[in-house]
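What follows is a set of notes on a single structure, which appears directly below.
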Amino acid sequence: MPSLSSSTLAIPAAGDVPRHVAIIMDGNGRWATRRHLPRVAGHARGVETVRAMVEGCSQAGVEYLTLFAFSSENWRRPADEVSYLMGLFLRVMEREVSRLERRGVRLRVVGDTSAFEPKLRESIRKAEARTAGNDHLHLTIAANYGGRWDILNAFHQLLRARPELAADPESITEEDMAPYLAMAYAPEPDLFIRTGGEQRISNFMIWQLAYTELYFTDRFWPDFDREALAEAFTWYRQRERRFGRTSAQLAAAAAAAAQRG
Ligand code: IPE
Ligand code: IPE
Ligand code: MG
């Protein structure tokens, strides 16, 4: 598997449009509660925002969109909310796949899906297979995902594949681990967005977010629209992505590039 460049080992190219956008879709419950609706009504409405983000990112030229749909900690919620979310996930998988297929979107689900009902696992498998030939936008849904699970799982798989490493742990490098992470097929996220007002990572892609630009908005997920996405992109364009270097070094590199034409 080709190892994609790591932001802590090499300096990735940074363009105006983020190649990879990773989003924590938060605030569904509060959106609903403010409207005197049951929390789950917010989850249902949130699906419309997902559709809008797929379209918006695809049109803007984003290559990878990753959405956090259910964390490994969300099992702690009341059983009826968890069960509603699982049902919604199943309905969305079955209903949306032809739309994704038409739009050239490749869908993948990352996380420990072994905890899901067989019916849901099967519909995930089918949706992934049906869109496997697409590459216009790589859409990843993180479900029963946790950043620590991802790192540990990668580590377990690495040692299973190369047991001789256990005798020489210091020889293990970042690049040895990277191919076993759940999203080894994607570059690290350039832009992270969290809606709903909280400023935390909540065990999302903790390895891959090392050098990601972090954008937080108070807007609840069902209210996040394409205009709000455009605002996040504008904010992103104004960041100076230094990856450890100084501003003067960046300016010198830009001047040298301009001189080369
Ligand atoms: C995010 O919205 C959706 C999931 C975690 C599944 P929340 O349900 O966390 O909404 P709030 O944060 O309670 O408003
Ligand atoms: C994070 O949202 C997980 C998802 C959006 C799927 P939460 O609403 O569960 O996060 P915390 O627990 O409040 O940090
Ligand atoms: Mg929340």
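Taking the criterion of being away from ligand 3 (no atom under 16 Å from the Cβ), more than 15 Å from the chain's Cα centre (by Cα) and not in a loop (DSSP other than H, G, I, E, B), the residues of segment 193-228 that qualify are Arg226, Glu227, Ala228. The set of residues from segment 1-47 being hydrophobic (A, V, I, L, M, F, W, C), more than 25 Å from Leu137 (Cβ to Cβ), assigned to a loop (DSSP other than H, G, I, E, B) and modelled with pLDDT of 95 or more comprises just one member, Leu37. Has segment 152-174 got any residue that is under 22 Å from Arg200 (Cα atoms) and part of a helix (DSSP H, G or I)? Yes, there is a match, as at least one residue in segment 152-174 is under 22 Å from Arg200 (Cα atoms) and part of a helix (DSSP H, G or I). On the basis of being modelled with pLDDT of 95 or more, surrounded by 13 or more Cβ atoms within 10 Å (Cβ to Cβ) and within 16 Å of ligand 1 (Cβ to nearest atom), does Ile172 make the cut? In short, no. When segment 36-72 is limited to residues that are charged (D, E, K, R) and over 17 Å from Tyr84 (Cβ atoms), the one that is nearest to ligand 3 (Cβ to nearest atom) turns out to be Arg51. Among the residues of segment 232-254, those identified as without any contact (Cβ under 8 Å) to a residue 12 or more places away in the chain and part of a helix (DSSP H, G or I) are Thr234, Ser247, Ala248, Gln249, Leu250, Ala251, Ala252, Ala253, Ala254.
Quick one: is Gln199 out of contact with any Ser or Thr (no Cβ under 7 Å at 6 or more places or on another chain) and free of Cβ contacts under 8 Å to residues at least 24 places away in the same chain? Answer is yes for this residue.
Filtered by the rule that a residue be over 16 Å from Tyr185 (Cβ atoms), assigned to a loop (DSSP other than H, G, I, E, B) and in contact with a strand residue (DSSP E or B) (Cβ under 8 Å, 6 or more places away or on another chain), segment 77-132 gives Arg103, Gly104, Asp112, Phe116.
The values are calculated or read from the model by the stated rules, or taken from the named source; none is laboratory data. As the structure is a computational prediction, the values presented were derived from the model and not from experiment. Cβ atoms come from the backbone with ideal geometry, glycine included; neighbour counts cover every protein chain shown.
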